[in-house]
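What follows is a single structure, written as structure tokens, with notes after it.
The values are calculated or read from the model by the stated rules, or taken from the named source; none is laboratory data. The structure displayed is predicted, hence computed values, not measured ones. FYI the Cβ positions are ideal-geometry reconstructions off the backbone, even for glycines, and counts take in every protein chain you see.
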Amino acid sequence: MLKLVFRISLIALLFTCAAPAFSQSTKEPVDYVNPFVDTHKSRWFFFSSASRPFGMVNLSPDTWVKGSWNSGYLYDSLYVRCFSHIHAWQMSGIPVMPTVGEFKGHLGMEAYKSAFSHDDEKAIPGYHSVFLKDYGIKAELTSTTRVGFHKYTYPAHVNKDIIFDVGAFLGHGAMDSAKVVKISDYEIEGYSIMAPTNRRPKPTYVYFIARFEQPISSFGAWEKGKLRTGKVDQIHGKEVGAYVRFERKQLKTVQMKVAISYTSTAQARLNMDTELPHWNFEQVVGNSKDEWNDYLSKIKIDGGTEKQKIKFYTDLWHSLLGRRIVSDVDGKYCDMTGPKPVVRQVALDESKKPKHNQYNFDAWWGSHWTLNVLWSMAYPEIMNEFCASMVEMYRYGGLIPRGPSGGNYTYVMIGDPAVSFFATAYNKGIRNYDVAKAYEGLRKNAFPGGIRDRAGYEHRDNPQGGGMNYYVQRGYVPEGIPGPGGHKDGAAMTLEYAYQDWCLAQLATALGKTKDYEFFDKRSQNYKNLWNPETHFIHPKNIDGTWIDNFTPIGEGFNTLGFVESNSAIYTNYVPHDLKGLAALFGGADKYAQYVDSCFIKAKPNKFITDHGKHAESWVDYENQPSCQMAHLFNHAGAPWLSQKWVREVKEITFSDISPYGGYNGDEDQGQMGALGVLMAIGLFQMDGGASVNSSYDITTPIFDKVEIQLDPKYYAGKTFTISTENNSADNIYIQKASLNDKDWTKFNFPHELFASGGELRLTLSNKPNKTWGID
């Protein structure tokens, strides 16, 4: 154990000190990103090195290929098994591998894998290179949004193979079947059909075209481990694959482009011809770096340590990475909401370009404290595109989605987290989509038969696992609802539905729908129906209306009864829309602040986290979404100095690691923990997710001397919003005074209107709390 701790500490030091200290003026934001942070325990969609922002192609080495968890790129793995093009929510596809020598492609990845070393490896946003020791091949990867670009440098005087193991098990599950066809000496095409998973219920096609810079000398194929003999031009079936070969006399550097589409091979070819008509590999690497730098430069920082800058821009990079474009360059995409695949077309603008991209993503569960806030501040156009994408799915599928995958509904997690996303967008002026259609779908979701009525992954007709009939009739969801589906935890459902009702009320009043506002605002108080004045916690009820027996605020394992991946100690705080009301139930703001403070004191020895899968066991759990707001609660309980203290401690203890062995603690969920890290670092937050018609930002202490957020002129009148600090240091974490646009500011928050107009927030810091600032 001592050796392991020493090794981890040494690696952390090396990652901190590997590059010389540069000033912000000589080092760009993209140069700080470290893709290897916390890669020892990746999820399939976590690691995407050779990828563009939200890229359809997410090209990277796979060191382990089976499973949604602990798969993809794992830092401590000894072998590269393939380079695959899709690392997405419930989706995977098109694994390739260059080899030399005795051909082993038909024997599977365990036969043709290759050893590698981090000594011969480099990864930056948009580029990855690794040396395959077993073959003496230097593999380099980059991409456009929809095209993977490979550059393989082989040893001299050998036959050079590239394996297309398109029928292999990859990521979340098996391939139902696959097909590869030789089109010419320069091109092959085909598809893989991803078999259904328990989350993505229907088979999903991914089409590809691979084009080579020099002609192939031969084409071969296999089926179920047996090579085809004789002349072969195509292969089709289960567990099939193919390979292309370049002879000894040909150039030892082989370049290959692989374009994908979810609609057809013709569309994959269009994606390639449009995005990558040339063979200049270095140009694409440079373009990718420039694109990432443009995105990351939306927030510029001064001050802080090298380690803090690395983590900040790595966090920001993650917030723009995990959710994937699924529409083609011309706006075509696959709709799988009906009985069979249908190719749809995104509406085009006056220049005949798609008005938005269509996206694949995990649910917005918890994003009201992370992505919703960050994107609406720095990336409103991205938020607009996601809104338009969800409306598009509602138009044909009948529901605003909860985690779409490959055009399917997955019904991941619970409730309707999209409503907070839309309320935040609309109330911050992000409205370039069909707002009326969006409200129609969100209102439908808030009643029996809507998406809230579906428990986790409940795909059956006439679903009831979400308990909406109980919620409407009783004002809460009890435990013990019969039927299939996961996460049927009534107390968590009740709390989340109440917040979602409030978000819908905020959207309704902004749209002038007074009756809806009054209805949903009243229903948002339903959280009080599970408050037990004897236990002083949210206490689940049985289906007969009695309190459950053997209640404990924390427990053991995955969750305590009634709470999704959590417990009552944490979920009792899940009232972001009415913290004054919650504090009153505790007996006042002081008593509530004392309770939350006691939770942090008890959770600190475990670094404010638990292991994934043991969420019931901690008083604070920054490993998972239901706890992400807890350090900010004190701002709303009359003790802003405690938010300043605990936010800084969580940022430093839980989220500061930049080694491969920490930084996100196992469950980054497509940028959510990265976004939270950014918000903690810049000292801004929104307890209600920004969904209010009177949206405001909570203030905590930034870790940098200066933060400058570039404002999008399409949505906001100002050019920049700046946060500056005086006396900033590791010890000076407490705000003594503040000014906003050169006027004294004594509140812990400020309105979005001031942010959108641009300006400067100045904070003077000290090592002693000022218990009078921010309590107005």
Checklist line | Yes/no for LEU59 being touching a His at 6+ places or on another chain (Cβ under 7 Å) and surrounded by 24 or more Cβ atoms within 10 Å (Cβ to Cβ) | finding: yes
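If you take the residues of the stretch 215-239 that are within 38 Å of the chain's Cα centre (by Cα) and more than 17 Å from GLU102 (Cα to Cα), which of them is surrounded by the most Cβ atoms within 10 Å (Cβ to Cβ)?
The extreme case among them is ILE235.
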Note to self: So, restricting to strands (runs of 3 or more DSSP E) that lie completely within the stretch 288-361, which ones have at least 2 residues that are aliphatic (A, V, I, L, M)?
What the structure shows: 299-302, 342-345
Check: How many residues are outside any loop (DSSP other than H, G, I, E, B) and of a type in the set (Ser, Thr, Tyr) if we restrict to the stretch 559-605?
Finding: 5
Next item on the list: Search the stretch 76-107 for residues being within 30 Å of SER659 (Cβ to Cβ) and assigned to a loop (DSSP other than H, G, I, E, B), and hand back the single one that is farthest from the chain's Cα centre (by Cα).
Entry: LEU78
Notebook entry, point to check: Within the group ASP590, ASP611, which residue is farther than 27 Å from GLY557 by Cα, assigned by TED's automatic domain parsing to the domain that holds TYR664 and surrounded by fewer than 20 Cβ atoms within 10 Å (Cβ to Cβ)?
Noted result: ASP590
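Okay, residues lined up against (1) of a type outside the set (Gly, Ala, Ser); (2) under 30 Å from PRO380 (Cα atoms):
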position: TRP222; (1), (2): yes, no
position: ASP233; (1), (2): yes, no
position: GLY237; (1), (2): no, no
position: LEU251; (1), (2): yes, no
position: ASN271; (1), (2): yes, yes
position: PHE281; (1), (2): yes, no
position: LYS298; (1), (2): yes, yes
position: ILE310; (1), (2): yes, yes
position: SER319; (1), (2): no, yes
Next item on the list: Say whether the condition of being crowded, with 24+ Cβ neighbours inside 10 Å and either β-branched (Val, Ile, Thr) or modelled with pLDDT under 95 (or both) is met by at least one residue in the stretch 437-447.
Entry: no
Next item on the list: Report, by residue number, each residue of the stretch 726-757 that is within 30 Å of GLU306 (Cα to Cα), surrounded by fewer than 17 Cβ atoms within 10 Å (Cβ to Cβ) and under 30 Å from the mean Cα position of the chain (by Cα).
Entry: ALA730
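Every residue, every condition in (1) outside the structural domain of ALA631 (by TED's automatic domain parsing); (2) within 29 Å of the chain's Cα centre (by Cα); (3) under 27 Å from GLY441 (Cα atoms); (4) buried (at least 24 other Cβ atoms within 10 Å of the Cβ), yes or no:
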| site | (1), (2), (3), (4) |
| --- | --- |
| GLY466 | yes, yes, yes, yes |
| ILE481 | no, no, yes, no |
| GLY485 | no, yes, yes, no |
| LEU511 | no, no, yes, no |
| LYS515 | no, no, yes, no |
| ARG523 | no, no, yes, no |
| THR535 | no, no, no, no |
| ASN542 | no, no, no, no |
| ALA569 | no, yes, no, yes |
Note to self: Going residue by residue through the stretch 270-277, is there one that turns out to be surrounded by 22 or more Cβ atoms within 10 Å (Cβ to Cβ), over 21 Å from the mean Cα position of the chain (by Cα) and closer than 22 Å to MET91 by Cα?
What the structure shows: yes
Next item on the list: Please go through the stretch 32-66 and pick out each residue that is assigned to a strand (DSSP E or B) and over 22 Å from LYS257 (Cα atoms).
Entry: ARG43, TRP64, LYS66
Notebook entry, point to check: Given the structure, is ALA242 of a type in the set (A, V, I, L, M) and surrounded by fewer than 16 Cβ atoms within 10 Å (Cβ to Cβ)?
Noted result: no
Check: Only one of (1) surrounded by 20 or more Cβ atoms within 10 Å (Cβ to Cβ); (2) outside any loop (DSSP other than H, G, I, E, B); (3) touching a residue at least 60 places away in the same chain (Cβ under 8 Å) is not met by TRP365, so which one is it?
Finding: (2)
Margin query: Considering only residues that are within 22 Å of ASP31 (Cβ to Cβ) and among the charged types (D, E, K, R), which ones fall in the stretch 248-300?
Written below: GLU282, LYS289, ASP290, GLU291, ASP294, LYS298, LYS300
Notebook entry, point to check: Counting only residues that are closer than 24 Å to PHE755 by Cα and of a type in the set (A, V, I, L, M, F, W, C), how many does the stretch 643-683 have?
Noted result: 9
Check: All but one of (1) basic (Lys, Arg); (2) buried (at least 16 other Cβ atoms within 10 Å of the Cβ); (3) in contact with a helix residue (DSSP H, G or I) (Cβ under 8 Å, 6 or more places away or on another chain) hold for LYS714; which doesn't?
Finding: (2)
Next item on the list: Look through the stretch 178-200, keep the residues that are in contact with a Gly (Cβ under 6 Å, 6 or more places away or on another chain) and polar (S, T, N, Q), and return whichever of them is farthest from VAL412 (Cα to Cα).
Entry: SER192
Item checked: Single match in ALA681, ALA631 (criterion: in contact with a Ser or Thr (Cβ under 7 Å, 6 or more places away or on another chain), crowded, with 21+ Cβ neighbours inside 10 Å and modelled with pLDDT of 95 or more) -> ALA631
Next item on the list: Say whether the condition of being touching a Gly at 6+ places or on another chain (Cβ under 9 Å) and closer than 21 Å to ILE260 by Cβ is met by at least one residue in the stretch 102-114.
Entry: yes
Note to self: So if I check each of ASP712, ASP688, which one is in the same structural domain as TYR499 (by TED's automatic domain parsing), under 21 Å from the mean Cα position of the chain (by Cα) and farther than 26 Å from ILE658 by Cβ?
What the structure shows: ASP688
Notebook entry, point to check: When the stretch 73-84 is examined, which residues are found to be closer than 21 Å to ILE162 by Cβ and in contact with a Phe, Trp or Tyr (Cβ under 6 Å, 6 or more places away or on another chain)?
Noted result: TYR73, VAL80
Margin query: Could you check the stretch 392-408 and list, in sequence order, the residues that are out of contact with any Lys or Arg (no Cβ under 7 Å at 6 or more places or on another chain) and either of a type outside the set (D, E, K, R) or outside the structural domain of MET493 (by TED's automatic domain parsing) (or both)?
Written below: MET393, GLY397, GLY398, LEU399, ILE400, PRO401, GLY403, PRO404, GLY407
Check: For LEU642, which of the numbered conditions (1) crowded, with 24+ Cβ neighbours inside 10 Å; (2) touching a helix residue (DSSP H, G or I) at 6+ places or on another chain (Cβ under 7 Å); (3) of a type in the set (A, V, I, L, M); (4) part of a helix (DSSP H, G or I) fails to hold?
Finding: (1)
